[in-house]
1. Share of chain A's accessible area from carbon and sulfur, percent, 1.4 Å?
2. Can you tell me the length gained on complete extension of the stretch A:I163 to A:K355, counting 0.36 nm per residue apart and subtracting the Cα distance?
3. With springs only between Cα atoms under 10 Å apart, run a GNM on chain A and tell me which of A:A100, A:A397, A:A140 wobbles the most.
4. If amide H atoms are built 1.01 Å from N in the plane of the peptide, which residues on other chains or at least 5 residues away come under 5 Å of the amide H of A:G209?
5. Kindly provide the chymotrypsin sites (Phe, Trp or Tyr not before Pro) of region A:79-186 that DSSP labels as loop, not H, G, I, E or B, and whose Cβ sees at most 15 other Cβ atoms within 10 Å.
6. Over 30 Å between Cα atoms, which of A:K286/A:K391; A:K43/A:K421; A:K391/A:K421 qualify?
7. In region A:101-120, which residues have a backbone nitrogen under 18 Å from the label point lying 7 Å from A:D28's Cα in the Cα-to-Cβ direction?
8. Using a Förster distance of 60 Å, how high is the FRET efficiency between A:E259 and A:K384, based on the Cβ-Cβ distance and rounded to 0.05?
Amino acid sequence: MGDRWEEGLHMGEEGRVRVHGWVSEVRDLGRIRFVVLRNWREKVQLTLKRGVTPDELFDLTDELTQESVIEAIGEEVAEKRAKAVDREVIPSKVIVHSIADPKLPMDPNWKVPAQLPTRLDNRPLDLRRPEVQAIFKIEASLIHGMEDWLRENGFLRVFTPAIIGAASESGAEVFRVKYFDREAYLRQDPQLHRQLTVIGGFERIYDLGVNWRAELSHTPRHLSEFRSIAVELAFIENEQDTMRVEESMIRAGIQRVVEERSRELELLGIQLEIPNVPFPELRFPKVYDILEEMGKEVEYGEDYDTESEKLLWQYVRQEYGSDFFFVNRFPFKAKPFYVMKEDDMWARSVDLLYKGLELSSGGQREHRYEVLLSQIVEKGMNPKNLEWFTKFFAYGAPPHGGFAVGIERLTMKMLNLQNIKEAALFPRDPERVLP
RNA sequence: GCCCGGGUGGUGUAGCCCGGUUAGCAUAGGGGCCUGUCGAGCCCCAGACCCGGGUUCAAAUCCCGGCCCGGGCGCCA
């Protein structure tokens, strides 16, 4: 919409245009002044000359401060002396919408870079930086590409609830909310309701939405509130079917970024390659051998740690030249009750890793009612607490599986961002809920 | 939650080890000069040691506590 609207602002006759933006800079050279406007598409320079520009208009720019918001009407001129801007306009009229306080808490022009906490404290100013806008333009294209692929392949977008009456599957801490006279929780993952939707007869679905984790995580890769694109599909043969969907979806997202966002990628200095599919797959228990070769002992039957993820990435890069890889057949003891077992020890449970970071968990789910119940008992959980979920498996459940990809994590790794908070507009962590 | 590191003008930093003049610099801000700047330039002005306690003749500097921030781990996406 922004694009079309902006085009409409070119008034056509005699190069007359209407431009708008935030004042990036006022360069006062005495009898000539340049006002550089920044908007989300471009930089426009307004040029005012004493004696040529009407005095009223020239003097109006006295009050213009950095980050003030104005519109201008004037003649666009072809001016090769204007180097660091996209266009130059000789204004005949300027409309001042807002004069910014000259004492800014940070500099959107980035002459003095601000630290991340300062940036986040002043996020609306930080967001004006083209480099920051590029992140979110890329993220939008990424999601569009993934969603389009899902739609083209028969997946239906659904919305599952964010407020749930029973703490969901994993051991991760949940946010408690007051729900009328009861307690309820914010979802950590749309997983269980996705499964119930499939049991409801929707054979291919995805939920693009928000998840919350109340963990006191202080790391550059955790948020208290994050978004995921979560897919579930029925009548699968095994977990391989979910992996094929996942890698194709991600490939399509990245392809869309490459197609639509070359300018933004260049601005961020990122050379993005469209990944080859299928992604390499590592399996337990072979993972233990690989790690041992890399000089890392992980006890047989145990889950691996953060360091192992990085080592496996090194291994996959050497062996397959890929930044993406699946890890399959995790030990059942390390995974939730609902995963499908391959045998007594290993599960059809799949993580996707990207540059050494876990992007998603997924795989095939256990759809057989009796088996599901016995796995709950095996996990030492009270079947009563999960009855709201499990009872529907008694009324006909197809074999199914799925996964949830963390959007901020994918964006972060794709753009080599140092902190996941850079990939969230207004990130939430244990310390930050404002702005 | 545990461990490690750090808090100096609006922003970003130097100084801290080895305590001692007016706490330096850049940028933003205020004032001035300049008709093609584009990280504009030049001159002038103003602006800071996180909070509390302790050691000392003397603390930005050393010690203790608190608060805040960053990183590592765990947990996960």
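1. Details: 10670 of 21580 Å².
Percent of accessible area from carbon and sulfur atoms in chain A: 49.
2. Values: separation 192, 0.36 × 192 = 69.12 nm, distance 3.27 nm.
Length gained, A:I163 through A:K355: 65.9 nm.
3. A:A100
4. For A:G209, whose amide H was placed from the backbone, the distant partners under 5 Å are A:S228, A:A230.
5. On the way: sites: A:W110, A:F136, A:W149, A:F155, A:F159, A:F175, A:Y179, A:F180, A:Y185; in loops: A:W110, A:F155, A:F159, A:F175, A:F180.
Here the sparse-neighbourhood loop sites are A:W110, A:F159, A:F175, A:F180.
6. On the way: A:K286/A:K391 36 Å; A:K43/A:K421 27 Å; A:K391/A:K421 39 Å.
With Cα atoms farther than 30 Å apart: A:K286/A:K391; A:K391/A:K421.
7. Within reach of a label on A:D28: A:101-104.
8. E(calc), rounded to 0.05, equals 0.70.
The values are calculated or read from the model by the stated rules, or taken from the named source; none is laboratory data. Note that the coordinates shown come from a computational prediction; the quantities given were computed from them, not determined experimentally. Cβ atoms come from the backbone with ideal geometry, glycine included; neighbour counts cover every protein chain shown. When the accessible area is computed, the model is the full protein with side chains, heavy atoms only, and any ligands, DNA or RNA have been set aside. Shrake-Rupley method; radii C 1.70, N 1.55, O 1.52, S 1.80 Å.
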